[in-house]
Structure formats: structure tokens, C-alpha cells
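Read the structure below first, then the notes.
The values are calculated or read from the model by the stated rules, or taken from the named source; none is laboratory data. Please read these numbers as outputs of a predicted model, since none were measured by experiment. Cβ sites come from the backbone with ideal geometry, for glycine too, and all protein chains shown count toward neighbours. Ligands, DNA and RNA are stripped out before the accessible areas are found, and what is left, the full protein with its side chains, is counted by its heavy atoms. Shrake-Rupley method; radii C 1.70, N 1.55, O 1.52, S 1.80 Å.
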Amino acid sequence: MQLGWIDFSCSERNKIIQTLKMLEESTALDELGIGVIRDGYADILFPGISTLQTRAKYFVLLPYLFKVAERQSFKRSSEILPWMHRQEDLLVPTLIKNSEDTTGVIGLRAHKQGKSVKVKSSSIYWNGMRTFEILRDEHLSISNVCNIIYGKQLRRNSVKIKTEAKSDGTEGFDDETAGNENMPLFSSITPDYAVMTEAAIELTKTEAEYLYQKMTTAVGSRASLLAFMLREKCLFPSFQDINEEILPDDLRRSVELAKAFAHFISGAYTRYNVIFSNSGDADQTERYREWKETFDFDGFHLSDVLSRVTGNPPTNAFLKEFYEASKAGNDQAVNRLIIQREKSIKRERAKLGKPQEYQYDKPVHDYLLNYRYGTAYTIVNDILSGLEG
């Protein structure tokens, strides 16, 4: 079934991406501790995607760099990760120079300040590379891979690899995977350009085809909304704009429940802002009143939402009590629940009821949850644009 890619211009796509990222950043805080539900649905819909990811290119750049690492000479395995981080830093000016749109280049801002980022792309993208089977063994950590690379070097140098401590007490590798020097680390992809001097943040067609294949066939992602968007070449302006009617049954149900929960929990966050502002934010007060009047309490089934994700008893209890108090129109009970919930989550960092320490200046969580859709949109957009050549 060919649904067609919604026909946004390049500039329109970029505006949507920036808006989605803003919304994602706005919902990163978790005063009410519902992250376990939010992340559970995000993992169902967009497995392998995290809000720290910026562009699809890093899913191929990292295997390239590790392949280069295999050709280096290191004195010990502990040298490999720092070397890798230096290569990531060196790539920043290359990507800036060669890219048509530098949005999402990790380290762009730090580079302009003569610095480097602390959180490297290798850590940001590692789980995604596991999920999409770019990393052949999903159980390998970055440290494991560094040990294996060092083991390959020892083999090249005809040095006997000690994979475990011997009975006579001689030292072996800390990790048994380090001795498996023959295992292929990453699913095969080879750049057709000089990575360190010619790489751009945009995907080549070959890279886009590779990522399309990995994300749509990997066991952990092939049934996801991410894979569906790639297969059907469809992008939507926002998570709430997703047309669930075109989705397969199970995926449709997950999207329906995720949307319903986003609307439900928005009432809690709006009420949080009413309390935080001491009812001084007229807009939030009015929005909470509208939410109470328009939310379909009878049509919302919290048990269905919780049936698809692994929550925890305190979170589930808070959601149930908030539902019941809100449905009953008991604002005082809602206030107590929200104040107690934030205190149990944030403890001494809780803001409510501390006007001397925390002053209200703008709403928090002033948008519906989008379950990492902003990042997923960017990744899919990169791949579909690359496929167009």
C-alpha cells in the first residue's frame, strides 16, 4: 500500500522538525513521574530512538569509525575509546564544512566556542545500533567492542590472547567477549568517500538504503511505527496528527492509547501549573477548566493504557486516583494528589508550595506528550530524503 509522503517543502520540513524538537525538550522534565508510561509507549512506537539523537547519519558514522579503529595500533584496550572520542570531535568541523544543513551536528555549538561535547554520539546512538542490528551482537557494550578490537590487534601481531584467568593465576581479559576476535562487530557498510574529510550530515543514497533495510527488518523495530513510516513513506506534522486508521491493528491500538494518555495526563500538568502559579496564570486556569469539561472520562480506560507498558505501583496508583478525583470534579483532592506526587518524586527539589525558592514564570509541560516523535520524524526524514538521492 503506497500512502505517499506528505508533500512538505524542505523549509517546511525543517520548521516542523524544529517545532517537534522544541516540544520534546519541553516535555523532558518529569515532575509527576509518568516517564515510565511515556517511555514505555515510546519504546513500542519508536524503538532505538532517543531524544538525544539528532540525525540519522550517526548510525553509519560510528561503524565507519570503529572500522578505522580496527586498523590502528594500541598499547592497551583502554586507549581505544578515548581515540574514538577524538575522532568524533575531529568529525565536527568536517560535518560543518560539508553539510547543506548543519542542524543536528553533535558538537556544533561547542565547536564554535572552541570546546567539545562531553556526551559523545557513540553513547547516544549505541542502544539504537543494538536495536536496529547495526551492532551484530546486541549484548555488546562499547567496552566489549573496544576489547574485541584490541584482541584483533593482538592476533595480527601474533600475540596469544588470554581470554580468561588461568589456573596458575596469570591475568586474562576482564571480559570474555574480548577474546572473540573473529566476530564481525557491525553489519556491513562501507563508505564511498573519505569519512574524516568528506562526510556530510546528509545520508548518501547507499547509507539511506542501508538504514531503511536495518530499521524495517530488525526484530526489535520491524513492527514499530518507525518502520511503518519508512515503508509507507509517510510523515505527519505532529504525533497527534498521525492517522491511526491506516495502521495495522496492533500498532493502531498502541497509537490510540498513547494519544489518549497524552490528553489525559495533560490535565494533570495543566493543574500543576495552576497550583504552581497560585492560580495566577489565567490561561492555564482556563485550559484546566476546558480540559475537565471536554475530556471523555467515560471513554478513557486507564487499565487499557497500562496493559501495554510496564509501570510501577506508585505511578499506577497516582494515575488511578487522579482519574477518579478529576472525574468527580474534586479540585482540592486533585491538588493534594499532585502536590504529594511531586514531593514523592522530587523530594527536596519539589517546587509546589515553595514560593520563596521557586517562582513561577512560565508553564511546565505545556504540550501534549509526543513519545520521541520529534526525533523519529528527523530520522525518517533523513532516510527518505537520502533515498530520493
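The table below gives the values:
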item: Odd one out for A350 among (1) touching a Gly at 6+ places or on another chain (Cβ under 7 Å); (2) buried (at least 18 other Cβ atoms within 10 Å of the Cβ); result: (1)
item: Among the candidates F59, F74, F66, residue that is of a type in the set (F, W, Y), buried (at least 20 other Cβ atoms within 10 Å of the Cβ) and either in contact with a Gly (Cβ under 8 Å, 6 or more places away or on another chain) or assigned to a loop (DSSP other than H, G, I, E, B) (or both); result: F59
item: Members of the range 338-347 found to be farther than 18 Å from T285 by Cβ, crowded, with 18+ Cβ neighbours inside 10 Å and not basic (K, R), listed by number; result: E342, I345
item: Count of residues meeting criterion [polar (S, T, N, Q), crowded, with 17+ Cβ neighbours inside 10 Å and in a helix (DSSP H, G or I)] in the range 93-105; result: 1
item: Selected residue (criterion: nearest to V195 (Cα to Cα)) from residues of the range 46-56 that are surrounded by 23 or more Cβ atoms within 10 Å (Cβ to Cβ) and hydrophobic (A, V, I, L, M, F, W, C); result: A56
item: Filtered residue count, the range 202-239, keeping only those that are among the charged types (D, E, K, R), surrounded by 16 or more Cβ atoms within 10 Å (Cβ to Cβ), part of a loop (DSSP other than H, G, I, E, B) and in contact (Cβ under 8 Å) with a residue 40 or more places away in the chain; result: 2
item: Contacts under 6 angstrom Cβ, first residue in the range 350-373 being more than 18 Å from S266 (Cα to Cα), partner surrounded by fewer than 17 Cβ atoms within 10 Å (Cβ to Cβ), 6 or more apart; result: A350/K343; K351/Y358
item: Filtered residues of the range 279-334 (kept if part of a helix (DSSP H, G or I), without any contact (Cβ under 8 Å) to a residue 40 or more places away in the chain, under 18 Å from D366 (Cα atoms) and under 30 Å from the mean Cα position of the chain (by Cα)); result: R287, Y288, W291
item: Check on N370, crowded, with 18+ Cβ neighbours inside 10 Å, polar (S, T, N, Q) and assigned to a loop (DSSP other than H, G, I, E, B); result: yes
item: Single unsatisfied condition, Y360 versus (1) in a helix (DSSP H, G or I); (2) more than 24 Å from T51 (Cβ to Cβ); (3) touching a Ser or Thr at 6+ places or on another chain (Cβ under 6 Å); result: (1)
item: Flag if L306 is touching an Asp or Glu at 6+ places or on another chain (Cβ under 7 Å), open to solvent by less than 60 Å² (accessible area, probe 1.4 Å) and of a type in the set (A, V, I, L, M, F, W, C); result: no
item: Contacts under 6 angstrom Cβ, first residue in the range 74-94 being more than 17 Å from R155 (Cα to Cα), partner open to solvent by 60 Å² or more (accessible area, probe 1.4 Å) and in a loop (DSSP other than H, G, I, E, B), 6 or more apart; result: D89/S116
item: Selected residue [touching a Ser or Thr at 6+ places or on another chain (Cβ under 7 Å) and over 28 Å from R130 (Cα atoms)] from S221, S266, S303, S279; result: S279
item: Considering residues of the range 106-155 that are on the phi > 0 side of the Ramachandran plot and open to solvent by 30 Å² or more (accessible area, probe 1.4 Å) only, the residue modelled with the highest pLDDT; result: E133
item: Any hit, the range 303-319, residues being at pLDDT 95 or above and at positive phi; result: no
